[in-house]
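Notes follow once the structure below has been shown.
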């Protein structure tokens, strides 16, 4: 495995790290239109289309969850933690364990201590088969290594999920039951879409991650600017295209070394 790429010191990034109030509001509400659309579709005769909206909701919720993990929303830390609990309830997962493992992912960068990143060493078939076990492994990993503070957070996540699932099941409302099923499937696919797709093959190149440009990057709500995120994790996702432009312009060889997520949908700029 090649030495991992590190942040180039000549790139100015600090001015990209602060969000204006309206930008914070955009980030905090980003998943809500997709959630509302998914529920509306599930309650309609064309309910199978709700799965597409659920996928987009989960993507946007992952982005919001990710920003809270890194403290990139400009909120007091207690509000970031509260947001993780709220998103756990709606996404049907344990985001406190995701937060712990994600910070270990940044610290160990595809090495032996990186449980999240080890998905990137698998092939596509292996990671899809492993996917249902991935959230459980994150919970075990955090419970064993995160300390009592994170254990308490995980228990609060579990309570939030249990209350939400119980309320949905007792309600018997079809569109909520379909949301529950969609989130269960999404959790099983997280290893593939949130980890493998942006890290597969990078252990052999030494790159911090893959990075997409063009329409697919925009459709993925900029989450495919993953190389830039790893190099400068305090830059909010919404500002990563600006950061990428600076890296392309100021760091010799950076643009040439880039590996897209999906090459045939990459604009190269």
Bin all alpha-carbon pair distances of the stretch 24-91 at 5 Å intervals from 0 and give each bin's fraction as a whole percent.
-> 4, 19, 26, 21, 13, 9, 6, 3, 0
So for R0 = 35 Å, FRET eff. of residue 165-residue 126 from the Cβ-Cβ r, to 0.05, ends up at 0.75
Nearest 10 degrees, 0 to 90: helix 95-108 Cα axis against the chain principal axis = 20 degrees
In whole Å, what is the distance between the alpha-carbon centres of the stretch 219-246 and the stretch 107-183?
-> 24 Å
Quick note, the stretch 46-123: a/c under 1.5 would make it rounded; otherwise a/b > b/c is prolate and the rest oblate (a ≥ b ≥ c, C-alpha gyration tensor); here it is oblate
Based on alpha-carbon positions alone, could you give the equivalent ellipsoid semi-axes of the chain from the gyration tensor, as √(5λ), descending, whole Å?
-> 30, 21, 19
Global form of the stretch 123-197, assessed from the alpha-carbon gyration tensor, a/c cut-off 1.5 = oblate
Roughly how many Å is it from the Cα centre of the stretch 50-83 to that of the stretch 18-34, as a whole number?
-> 10 Å
In nm, the gap between the two label points placed 7 Å beyond Cα toward Cβ at residue 218 and residue 188 is 3.4 nm
To the nearest 10 degrees, how steeply does helix 240-250 sit against the main Cα axis of the chain, on a 0 to 90 scale?
-> 10 degrees
Listed peptides 82-93, 136-147, 44-55 by packing density, highest first (mean Cβ within 10 Å) = 82-93, 136-147, 44-55
For helix 77-91, report the angle its Cα long axis makes with the longest principal axis of the Cα atoms of the chain; keep it between 0 and 90° and round to the nearest 10°.
-> 60 degrees
Which value in nm describes the separation of the simple spin-label points at residue 82 and residue 143, placed 7 Å from the Cα toward the beta carbon?
-> 2.8 nm
Report, in deg cm²/dmol and to the nearest 500, the calculated mean residue ellipticity at 222 nm for the chain, where each DSSP H run with n ≥ 4 adds -39500 (n - 2.57) and the sum is divided by the residue count.
-> -18000 deg cm²/dmol
Which whole-number percent is the relative contact order of the chain (Cα, under 8 Å, 6+ apart)?
-> 25 percent
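Read the figures in this text as sums done on the coordinates, not as results from a lab. Note that the structure is predicted; figures quoted are calculated from it, not measured. All Cβ positions, even for glycine, are placed from backbone atoms using ideal geometry, and neighbour counts span all protein chains on display.
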